[in-house]
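Everything below concerns the one structure shown next.
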Amino acid sequence: MIDIDGGYTQDEQLAELEIVVEIMREHFGEDVATIDGEPWTAERHDAQVAAMPQGGGVYRHGIEFNIPPGNLEETYALADEIAKELGLTENVNNSNGIGPNGRIYYGAGREDGRIFLVTADSSELAGATYQTRHSDDESIIGNYERIIDDFRQENRQKYSPDTPIDPEELEMDDGESG
């Protein structure tokens, strides 16, 4: 279960995400969480994923999961089980069981802002999202600024007028240069 008193610092939010990923992997397999096709790790998340601004000077981390297709009733029941393992309570305003169009939407959370959502439909598309609590801790803000700055620097280098153009990037599908 997640420490309901923590979750403000960058390290606490990463530790929280590790717990969530571990539980999701227990239920859905190792491939449920990845970053750029690689297995999710807290270190990779810390290096590559910025906290999300939520307005009002607060941020939070989130992670999306790829859930393998399955029986909708079982998926809904499993979502409820996972939420309880995480110490979250189903939000009946954000849950609808299995809808008439063969789609589920399960939502759970805490008053502190943590959110867990699972969606699936009869065409076998399924996914889940977990978001940490809001935080204005300087370590979260520093992570956001570092990741965004790295992204800006990469784009400046990539799209600078002084950047040499690789002729292979200009080749068209038929082999002609454009």
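Descriptive notes on the structure:
- Residue within segment 51-70 that is free of Cβ contacts under 8 Å to residues at least 24 places away in the same chain, buried (at least 16 other Cβ atoms within 10 Å of the Cβ), closer than 21 Å to residue 137 by Cβ and of a type outside the set (Val, Ile, Thr) present: no
- The numbered conditions (1) crowded, with 18+ Cβ neighbours inside 10 Å; (2) not polar (S, T, N, Q); (3) not in a helix (DSSP H, G or I) are all true for residue 140 except (3).
- Test result for residue 100, open to solvent by 90 Å² or more (accessible area, probe 1.4 Å) and part of a loop (DSSP other than H, G, I, E, B): yes
- Some residue of segment 9-28 being free of Cβ contacts under 8 Å to residues at least 24 places away in the same chain, open to solvent by less than 60 Å² (accessible area, probe 1.4 Å), more than 27 Å from residue 121 (Cβ to Cβ) and polar (S, T, N, Q): no
- Lone qualifier among 73, 85, 90 - being more than 18 Å from residue 18 (Cα to Cα), under 20 Å from the mean Cα position of the chain (by Cα) and at pLDDT 85 or above: 90
- The set of residues in segment 104-133 that are surrounded by fewer than 16 Cβ atoms within 10 Å (Cβ to Cβ) and part of a strand (DSSP E or B) comprises 127, 129.
- Of all residues making up segment 39-52, the number that are at pLDDT below 95 and in a strand (DSSP E or B): 1
The values are calculated or read from the model by the stated rules, or taken from the named source; none is laboratory data. All figures in this text were calculated on a predicted structure; none of them were measured in a lab. No Cβ is skipped: glycine too gets one built from the backbone with ideal geometry, and neighbour counts run over all protein chains shown. Areas reflect the complete protein model, heavy atoms only, side chains present, ligands, DNA and RNA absent. Shrake-Rupley method; radii C 1.70, N 1.55, O 1.52, S 1.80 Å.
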